[in-house]
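The values are calculated or read from the model by the stated rules, or taken from the named source; none is laboratory data. Computed from a predicted structure; not experimentally measured. Don't worry about glycine lacking a Cβ; one is built from the backbone with ideal geometry, like all the others, and counts go over all protein chains shown.
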Amino acid sequence: MLDVLVIGGGPAGVVAAMRAGDLGARTALVTEGEFGGMAANDGPVPVRTLAHAARLIRDARQLGRYGIQVGEPLIGLLATARAGEGSSCTTFAPIQRFVRRLIQRGFRFTRTPAWLGSWIAHTIVTASGLTLQSDKIILCPGGTSRRLSVPGADLTATHSDAWGLSSVPQSIIVIGGGATGAQVASVFNAFGAKIQLFQSGPRILPTEDEDVSAAVAAAFRESGIAVREDFGSIESFEKTPAGIRMHFSKNGDRESAQATLAVVAIGWVANTSELELSKAGVEINARGFIGIDEFLRTSAANIFAAGDVTGRLMLVPAGHSGRIRGRDKCSARFSDEAVGSACADWQFH
């Protein structure tokens, strides 16, 4: 019987496991994907290299102002750009440092091809047949891109799909003007794609100050991005010989836009669809995330949750939502406060 079982190998899961071990718990970590989660593998960390490549292209286009004559910069294979600074999880130093420390301390790691198949008291059984028993369980499965629920939505791509492209599409419709959508639009515009950015609200970057939103929108338009704010609602998508067409309307007026690719970046949802949490007595809140208290406990007495799955400050900064300091040293049992500390202390220092 384990003291703590951590489910999910992203930043929350890896550091929660390490913190649990620091507190003296017999710990195992089960992950479906690569260590580092979305942030290290197809999110902020690898995207930094693409953003840097885009910045270099923008800088090169300004060389003529200083009398330097060069040809139009062109992006080659995106895989080469992504590898420019070794941005994969295997070279993401913080995660790899934590993993090495855990292995050196004798932690158990298991990669399973699917999440949980069933819950039986303090026992989980994965779809691959792995059975593990633990006094406490910490859920850190992360989140996934929110999808549209209109006809033809299956024809669209996510930001992860965009970052994984092998070449630059001729044109892209980007749906969602938050940070992720703005980044997709900015990077691929610099790479030479014709971009149309659609935001259902009155302004892009709605979580920023209005002056910031207005300045970014103006800069985008000046750079050639077609920014459509308060455009109405999407009705459907359809496949075309050249790519995809989006139909939308506002106040009864119907319009359409077409491009080689449509990328949806409208938010983040908890990655819980395969966890069968109701069988474990874990309740989901009104926003679709796992509900937790101040110690990051769920509605099930022995189950905790941390990271994106809680809906608190999504993506890398999620751990900054709370810093629970459980000081109890582990003895025969691992205290709730100590597990809460393991959950909440995962953020990088």
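Can we say Ile204 is in the same structural domain as Phe295 (by TED's automatic domain parsing) and not in a helix (DSSP H, G or I)? No: the conditions fail for Ile204. Screening Ser118 with (1) surrounded by fewer than 14 Cβ atoms within 10 Å (Cβ to Cβ); (2) modelled with pLDDT of 95 or more gives one miss only, at (2).
Does Ser273 satisfy the criteria of being under 23 Å from Asp161 (Cβ atoms), small (Gly, Ala, Ser), modelled with pLDDT under 90 and surrounded by fewer than 21 Cβ atoms within 10 Å (Cβ to Cβ)?
Details: under 23 Å from Asp161 (Cβ atoms): yes; small (Gly, Ala, Ser): yes; modelled with pLDDT under 90: yes; surrounded by fewer than 21 Cβ atoms within 10 Å (Cβ to Cβ): yes.
For Ser273, the condition - under 23 Å from Asp161 (Cβ atoms), small (Gly, Ala, Ser), modelled with pLDDT under 90 and surrounded by fewer than 21 Cβ atoms within 10 Å (Cβ to Cβ) - is met.
Considered as a group, the residues in the range 299-321 that are on the phi > 0 side of the Ramachandran plot and buried (at least 18 other Cβ atoms within 10 Å of the Cβ) include one that is modelled with the lowest pLDDT, and that residue is Leu315.
Being out of contact with any His (no Cβ under 9 Å at 6 or more places or on another chain), outside any helix (DSSP H, G or I) and either in the same structural domain as Gly177 (by TED's automatic domain parsing) or surrounded by fewer than 19 Cβ atoms within 10 Å (Cβ to Cβ) (or both) narrows it down to one residue among Ile195, Ile234; which is it?
Working: Ile234 fails: out of contact with any His (no Cβ under 9 Å at 6 or more places or on another chain).
Checking each option against the conditions leaves just Ile195.
On the basis of being assigned to a helix (DSSP H, G or I) and either modelled with pLDDT of 80 or more or of a type outside the set (D, E, K, R) (or both), does Asp59 make the cut? So Asp59 passes the test. For the range 279-298, indicate whether the set of residues that are surrounded by fewer than 20 Cβ atoms within 10 Å (Cβ to Cβ), of a type in the set (D, E, K, R) and either touching a residue at least 60 places away in the same chain (Cβ under 8 Å) or assigned by TED's automatic domain parsing to the domain that holds Ala182 (or both) is non-empty. Yes, some residue in the range 279-298 is surrounded by fewer than 20 Cβ atoms within 10 Å (Cβ to Cβ), of a type in the set (D, E, K, R) and either touching a residue at least 60 places away in the same chain (Cβ under 8 Å) or assigned by TED's automatic domain parsing to the domain that holds Ala182 (or both).
Taken together, the residues in the range 133-145 that are over 20 Å from Trp268 (Cα atoms) and either among the hydroxyl-bearing types (Ser, Thr, Tyr) or crowded, with 19+ Cβ neighbours inside 10 Å (or both) amount to 4. Just one of the listed residues (Ala219, Ala265) is of a type outside the set (Val, Ile, Thr), loosely packed, with under 14 Cβ neighbours inside 10 Å and modelled with pLDDT of 95 or more, and it is Ala219. Name the pairs whose Cβ atoms lie under 6 Å apart, with the first residue in the range 1-21 and within 13 Å of Ser134 (Cα to Cα), the second of a type in the set (Asp, Glu) and part of a helix (DSSP H, G or I), and 6 or more positions between them or separate chains? Close Cβ pairs satisfying both conditions: none exist. Can you tell me which residue within the range 276-293, out of those that are in a loop (DSSP other than H, G, I, E, B) and charged (D, E, K, R), is modelled with the lowest pLDDT? By that ranking, first place goes to Glu276. Identify the residue in the range 146-175 that is farther than 17 Å from Phe198 by Cα and under 20 Å from the mean Cα position of the chain (by Cα) and, among all such residues, is surrounded by the fewest Cβ atoms within 10 Å (Cβ to Cβ). Ranking the qualifying residues of the range 146-175, first place goes to Asp154.
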